[in-house]
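Notes follow once the structure below has been shown.
The values are calculated or read from the model by the stated rules, or taken from the named source; none is laboratory data. Here the structure is a predicted model, which means the values were calculated and not measured. Because the Cβ atoms are built from the backbone with ideal geometry, glycine has one as well, and the counts that use them run over all protein chains shown. These accessible areas exclude ligands, DNA and RNA; they are computed on the full protein's heavy atoms, side chains included. Shrake-Rupley method; radii C 1.70, N 1.55, O 1.52, S 1.80 Å.
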Amino acid sequence: MAYAIDTVVRGAGPDAHLQLLDVLRALAESAGWTTLRFDASIPERELILRSTGTTGEEEITVGFKAYQNIAADYYNLLAATMTGYVPAAPFEAQPGIKTSGVPGHNQAVSYFLTANPRRIVGALKVGSPIYAHLYVGKALAYARPREFPSPLIVAGHFDGRETKRYSDLHWFPYKGRKGSSEAGYNDGFLFLRDAGGTWKKVQISPFGNGQGTETTYAGLAGEYVGRNGSGYRCLVPAGTLHQPQPLELYEMQFGAYDNDARAYPSSGNLYGVLDGVSMVSGYNNASENVLQLEGSAVIDQTGMSVRQAVDAIRAVNGRAFVVLQDGARTTWRDYVAVEMV
């Protein structure tokens, strides 16, 4: 288990987004991953990693590739999860690969990353600022290992290798299908590989919730308990404390209203939960706050940097969560907390 919080700058060296591959490689190796490919000699640098997971018997293969265009002024990473590795195959032709682009920058990128043998997760801060998120590896399945042995995940902000820059319209991946009512919302780019081998977008609770009719969905929306009124399902914390909420992956379909049952018949799947990232309310909250859960003492974070606060919380056996927003969005429905372990 490992985490990395710092900033890379171009200076006289390589572009900042290129340097991120070195950061990701070092972080992953410190968490037990093995580097299968690392090529810094080509313009679009490549990194492919493999882990045996927390059991020592798994085969989890992920990768990152830099892609950029000076004229179009974008400098991005392509996050990837794969089902295998062929040394002679190009990056995008690896077995079972699924990718999502992550906006970066050539001048400076701050990063908040964590890795364990199961996954690599975190976010980059670029530009004005924009927070860009990534997740590669596995989720925690709500099933026996033989039933769903490989709940693979890849998540970013773009549909594969899109030619976009950080300032273009995009969303973080954690709202999932029907997880936002914002104009133009595209269901995000988190993909789960199901037991049948299909990469699919899914709904993600608590961002995705059924409305009162149970036939349509909207992000964190619907009636209050009792189905009276049209307000949001509110996750405002009680008092001044914030509680991270698990991000659960599910699908749900509804049939026609059943007059006898006075309900909408439903079917679906509850696949599992993401590892290391949770929803947190943005009410009285902000990016780069550090939440503490547990520990032998409560850390006074006054004057501390994010890294110093995380280190201090970990030193007293606490759990440290870094709060990070969805791109440039700052409503109470636009935040997650990444646990640094």
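General remarks:
- Heavy atoms of ASP15 accessible to a 1.4 Å probe, total area in Å² rounded to 10: 30
- Gyration tensor verdict on segment 1-111 (Cα atoms; rounded if a/c is under 1.5, prolate if a/b is larger than b/c, oblate otherwise): oblate
- Net charge dipole, the chain: roughly 80 debye, given to the nearest 20, about the Cα centre with Cβ charges of +1 for Lys and Arg and -1 for Asp and Glu.
- Nearest 10 degrees, 0 to 90: helix 16-30 Cα axis against the chain principal axis: 80
- Order of exposure, largest accessible area first, which applies to MET279, MET252 with probe 1.4 Å: MET252, MET279
- Distance between modelled label sites at SER305 and THR55, nm, 7 Å Cα→Cβ extension: 4.0
- Listed values [x] 0.99; [y] 1.08; [z] 1.23 include one computed from this model; for Cα Rg over 2.2 N^0.38 Å that value carries the label [x].
- Take TRP199: with every protein chain present and a 1.4 Å probe, its accessible area is about 50 Å².
- Heavy-atom accessible area ranking, 1.4 Å probe, most first, across LEU241, LEU293, LEU77: LEU241, LEU293, LEU77
- Residue-averaged 222 nm ellipticity for the chain, from DSSP H runs of 4+ at -39500 (n - 2.57), nearest 500: -2500 deg cm²/dmol
- Span from the segment 302-334 Cα centroid across to the segment 46-92 one, whole angstrom: 27
- Sorting ARG50, ARG262 by accessible area puts them as ARG262, ARG50; the probe is 1.4 Å, largest comes first, and only protein heavy atoms count.
- For LYS175, the lysines whose Cα comes closer than 24 Å to its Cα, not counting residues fewer than 8 places off in the same chain, are LYS98, LYS125, LYS138, LYS164, LYS200, LYS201.
- Across the options THR81, VAL8, VAL109, the greatest Cα extent toward the positive end of the charge dipole of segment 1-146 (unit charges at beta carbon of Lys, Arg, Asp, Glu) belongs to THR81.
- For the chain, the longest principal axis of the C-alpha atoms and the axis of helix 306-315 are separated by about 80°.
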